[in-house]
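See structure below.
The values are calculated or read from the model by the stated rules, or taken from the named source; none is laboratory data. Remember, it's a predicted structure, so these values are computed and weren't measured experimentally. All Cβ positions, glycine included, derive from the backbone under ideal geometry; neighbour counts span all protein chains shown. To get the accessible areas, we keep the full protein, side chains included, count just its heavy atoms, and leave off ligands, DNA and RNA. Shrake-Rupley method; radii C 1.70, N 1.55, O 1.52, S 1.80 Å.
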Amino acid sequence: TSHDYNTYVHSVNVGVLAISVAKTIFGGSDGHDMHELGAAFFLHDLGKVNIDWNIINKPAALTDAEMAQMRKHPEFGYDLLSRTNQLTEECRNIVLQHHERFDGSGYPLGLKGEDIHPYGRICSLADVFDALNSDRPYRKGLGPFASLKIMKEEMLSHFHKDLFEKFVKLFS
């Protein structure tokens, strides 16, 4: 919270949404540690502690150089968790992969389809939804219905289709 309160609020929102999706998908399966997953979902933007606060909160479009810096936060977060031996490798991959897109257009690795861990896919959905739904320094939030509509009509190729459908059902 001391580095950026808005990122903190976003992280909590993403954590709650993502763990809700994970519980829906994995149910009572013993193969998934929901406490560990919850921690990883909440920490997905941890790498932003290494990004200049003025870039994170810039009230206008980022320059190419600023965007390049911002796009490093998944790797920064993954490296921090790895160096400190926090969470499992699967959960560290949530932090690394939360900006990967099913069509391969994401970052930092440009992973595509099934190469993205299911946990990373879940976090990506929750992250995009909250980013669209929430107020940002450069624009007002769209609201839940409009956010889901944009995700479906303009961004569906970014997500695993069945996972997106399960995500939408959370709101019914």
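What to note about this one:
- Label-point separation in nm, Glu154 to Ser105, each point 7 Å along Cα→Cβ: 1.1 nm
- Estimated from helices alone, the mean residue ellipticity of the chain at 222 nm is -17000 deg cm²/dmol (sum of -39500 (n - 2.57) over DSSP H runs with n ≥ 4, per residue).
- For a modelled paramagnetic label at Glu114, 7 Å from Cα along Cα-to-Cβ, the residues of the range 144-172 in reach, with backbone nitrogen under 18 Å, are 159-164.
- In this label model, Phe145 and Asp30 are separated by 4.5 nm, measuring between points 7 Å along each Cα→Cβ vector.
- Relative contact order for the range 17-86, counting Cα pairs under 8 Å that sit 6 or more residues apart, in percent: 32 percent
- For the chain: relative contact order, % (alpha-carbon pairs under 8 angstrom, 6 or more apart): 21 percent
- When only Cα pairs below 8 angstrom with a gap of at least 6 residues are kept, the range 1-50 shows a relative contact order of 48 percent.
- For the chain, carbon and sulfur atoms together expose 54% of the accessible surface, with a 1.4 angstrom probe and every protein chain in place.
- Structure note, pairs Lys23/Lys161; Lys58/Lys149; Lys112/Lys152; Lys149/Lys169; Lys23/Lys169: Cα-Cα distances above 22 angstrom occur for Lys58/Lys149.
- Radius 11 Å from Cβ of Ala40, net charge of other residues (Lys, Arg +1; Asp, Glu -1): -3
- Label-to-label distance, nm, for residues given as Lys72 and Glu89 (7 Å Cα→Cβ offset): 2.6 nm
- Charge context of Ser11, other residues only, Cβ under 12 angstrom, K/R +1, D/E -1: -3
- Surface accessible to a 1.4 Å probe, per residue, for the residues of the range 19-67, Å²: 54 Å²
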